[in-house]
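Written below as structure tokens is the structure these notes are about.
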């Protein structure tokens, strides 16, 4: 039992080859932080500052996107590449993931669920599915194309 808490075992916890899910778990944690910061911004601007639904929700994506970029760059992927070269591909990745995830999720959910279920419920289910698909696609895009150390540091 004591070998589980040995320094050798604990030092291996940080190695992503032994624990390949570590980056994804960090990515999810960063996502929670982004949600709190971006969502907090959105609700404050909407409820306290009188911003419209669309401007407040756009601010959520802008603030959350900026937060996501820097936190994932530093914490999740420990990337030293130049941010100025990564920001445009990062934004493109977010947009591509968003449109793929939400477009196909809606089509699939509407095809799978019968007409007795209201459109509002179908759209809510599609949004939940879209969130999951978006998260996975976004992680893969950031991991392989944006913060890929082999690509950025040949």
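The values are calculated or read from the model by the stated rules, or taken from the named source; none is laboratory data. This structure is a prediction, so every number in the text was calculated from the model and none was measured. With ideal geometry, Cβ positions are generated from the backbone for all residues, glycine too; neighbour counts draw on all protein chains shown.
Remarks
- With respect to the conditions (1) loosely packed, with under 15 Cβ neighbours inside 10 Å; (2) in a helix (DSSP H, G or I); (3) modelled with pLDDT under 95, residue 115 falls short on a single one, namely (2).
- Residue list for segment 37-81, filter: in contact (Cβ under 8 Å) with a residue 40 or more places away in the chain and either part of a helix (DSSP H, G or I) or exposed (fewer than 14 other Cβ atoms within 10 Å of the Cβ) (or both): 71, 72, 73, 75, 76, 80
- Residues in segment 23-36 that are surrounded by 16 or more Cβ atoms within 10 Å (Cβ to Cβ) and either free of Cβ contacts under 8 Å to residues at least 60 places away in the same chain or more than 21 Å from residue 97 (Cα to Cα) (or both): 26, 30, 34.
- Residue 107 fulfils the conditions (1) closer than 22 Å to residue 72 by Cα; (2) surrounded by fewer than 13 Cβ atoms within 10 Å (Cβ to Cβ) except for a single criterion, (1).
- Of all residues in segment 8-34, those that are in contact with a helix residue (DSSP H, G or I) (Cβ under 7 Å, 6 or more places away or on another chain) and at pLDDT below 90 total 3.
This table checks each residue for (1) out of contact with any helix residue (DSSP H, G or I) (no Cβ under 6 Å at 6 or more places or on another chain); (2) not assigned by TED's automatic domain parsing to the domain that holds residue 135.
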position: 48; (1), (2): yes, yes
position: 67; (1), (2): no, yes
position: 70; (1), (2): yes, yes
position: 92; (1), (2): yes, no
position: 99; (1), (2): yes, no
position: 105; (1), (2): no, no
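- Yes/no for residue 100 being at pLDDT below 95 and in a helix (DSSP H, G or I): yes
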